[in-house]
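Read the structure below first, then the notes.
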Amino acid sequence: MPRLFKTGFSNYETLFDYAGKQAQAEEIEQRMAAPDFWNHQEAAQETVGRLKGLKSVLKPMDEAIRRVEDLAAMLEMAEEDPAFDAEVPGEIEQLERLVAALELQTLLSGPMDDHSAILSIHARDGGTDANDWADMLLRMYLSWAEGQGYDVELLDRQDNEEAGINSATIAVRGPLAYGFLKGEQGIHRLVRISPFNSEGKRQTSFAAVDVSPEVADTIEIDICDDDVREDIFRASGAGGQHVNKTSSAIRLTHFPTNTVVQCQSERSQHKNRATAWKMLRSRLAALEEAKREAEVAAKYSNMPKVGFGSQIRSYFLHPDQRVKDSRTGHMATSFHSVLDGNIQGFLDAYLRWRSGNY
C-alpha cells in the first residue's frame with residue numbers, strides 16, 4: 001500500500017511539473033542575489049512576482065509530499081498495530097483536500113494567469129442604486145484581496161454626488177491575481193428593497209466589472225501613437241471636493257478598440273500618464289487574451305456568452321438572500337458573507353467550469 005501511494009503521487013509531481021518549477025525558482029533566486037538586480041525596478045518586481053507564483057505551488061506541493069510520506073509510514077504501523085487505524089481516514093482526508101487545491105492550480109495555466117490584475121467597476125442601469133451597488137462591489141473585491149494577502153492600489157475613483165461611485169479602478173498585485181479574477185468580468189446584478197426609494201419598492205441595479213492582466217513595460221504591446229488621444233483634466237475627490245488647482249488627471253482613448261482608461265490618483269501629471277498607459281497596455285493585452293479564450297470556448301456550443309456586457313451573477317436581498325452565478329450554477333445563501341469578500345467559491349467554480357470539469 002505505501003509503495004502504491006508513492007507511485008500514484010509521483011504522477012502528480014509530473015502533472016504539476018514539480019521539478020521544473022523547483023529549478024525555475026532556484027534560477028530566479030540566483031538572479032535576485034546579483035548586486036545589480038534592483039537596478040531596473042519594474043523588471044525586478046516582475047521577477048519577484050514570478051517567484052512568489054512558483055512558491056505558491058511549490059509550498060503546498062512540498063506539504064503534500066510530506067503528508068504522503070507520513071501516510072505511508074502510518075499505514076505500515078497500522079499493519080503492525082491496529083491502534084493506528086483510526087488516524088488513517090483523517091490523514092487521507094487532509095491529503096485529498098491538499099491535492100484538490102493543487103489540481104485547481106493546474107487550471108491557472110493561461111499565459112497571463114500569473115500576472116497581477118487591474119480591475120475596474122462601472123455603475124450601469126439603476127440610478128443611484130447602481131452607484132451604491134458599484135461601491136459595494138468595490139468593497140467586496142478589496143476585502144477578498146486583503147484576505148488573500150494581495151497588495152491593492154487605487155488607480156482611479158469617480159464618486160457619485162448622491163451616493164456610491166460612478167466608477168473605480170484598482171490594481172490587485174500578487175501571484176495569480178489575474179488568473180483568479182478574470183472570471184469576474186461581466187455584469188453583476190443586484191435585487192433588493194431600495195434604500196433610496198421612499199416607497200420601499202424593489203429595485204434591480206447593475207454594475208459592470210472589467211478585468212485585465214497588469215502588463216509590465218518589459219512585455220511588448222504594439223500601440224500606434226496616432227491611434228491614441230490623450231485628454232488632460234482636473235482631478236476631483238469625493239463629491240466633487242478637493243479639486244486640484246492644476247490639470248493632472250489623464251484620460252487615454254484607443255480608437256481601434258474604443259478602449260478608454262483614465263488615472264487621477266497622483267498629483268503628478270507625469271505619474272498619472274505613466275499609470276494610464278500601463279492601464280491601456282493591460283486592457284489591450286486582456287482583449288487579446290479574450291480572443292484566445294473565445295476560440296477555445298467556441299468548441300463548446302452549449303457555453304453561454306462570457307465577457308463584458310453579459311450578466312454573470314445575481315445577488316438577491318429580496319425576497320430571500322442568495323447569490324447565484326448564471327454560468328456555473330454555484331450559489332451562496334449568505335449575501336452579506338459574499339459582500340464581505342468570501343467569493344473564492346465562485347472563483348474556483350468558474351475555473352472548473354471553464355475547464356469542463358464542473
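The values are calculated or read from the model by the stated rules, or taken from the named source; none is laboratory data. Computed from a predicted model, the values in this text were never measured in an experiment. Positions of Cβ are backbone-derived with ideal geometry, glycine not excepted, and every protein chain shown enters the neighbour counts.
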Inset, instruction - Could you please let me know if ALA249 is modelled with pLDDT of 85 or more and either assigned by TED's automatic domain parsing to the domain that holds LEU54 or surrounded by 14 or more Cβ atoms within 10 Å (Cβ to Cβ) (or both)? - result: yes
Legend entry - Set GLN105, GLN148: member being modelled with pLDDT of 90 or more, over 27 Å from ASN272 (Cβ atoms) and surrounded by fewer than 20 Cβ atoms within 10 Å (Cβ to Cβ): GLN148
Legend entry - Residue in segment 62-70 that is buried (at least 18 other Cβ atoms within 10 Å of the Cβ), among the aliphatic types (A, V, I, L, M), farther than 30 Å from ARG283 by Cα and not assigned by TED's automatic domain parsing to the domain that holds ASN166 present: yes
Inset, instruction - Could you identify the single residue in GLU27, GLU87, GLU76 that is more than 27 Å from GLN344 (Cβ to Cβ), among the charged types (D, E, K, R) and either in contact (Cβ under 8 Å) with a residue 40 or more places away in the chain or not in a helix (DSSP H, G or I) (or both)? - result: GLU76
Inset, instruction - Determine which member of the set ARG66, ARG50 is more than 19 Å from ALA177 (Cβ to Cβ), assigned to a helix (DSSP H, G or I) and modelled with pLDDT of 75 or more. - result: ARG66
Legend entry - In segment 311-341, the residues that are surrounded by 14 or more Cβ atoms within 10 Å (Cβ to Cβ), of a type in the set (D, E, K, R) and either in a strand (DSSP E or B) or without any contact (Cβ under 8 Å) to a residue 12 or more places away in the chain (or both): ARG313, ARG322, LYS324, ASP325
Inset, instruction - For segment 23-49, enumerate the residues that are small (Gly, Ala, Ser) and farther than 21 Å from GLY174 by Cβ. - result: ALA23, ALA33, ALA34
Legend entry - Search result, residues across segment 45-68 that are touching a residue at least 60 places away in the same chain (Cβ under 8 Å) and over 25 Å from the mean Cα position of the chain (by Cα): VAL68
Legend entry - Failed condition for HIS188, given (1) surrounded by 23 or more Cβ atoms within 10 Å (Cβ to Cβ); (2) more than 20 Å from ALA349 (Cα to Cα): (2)
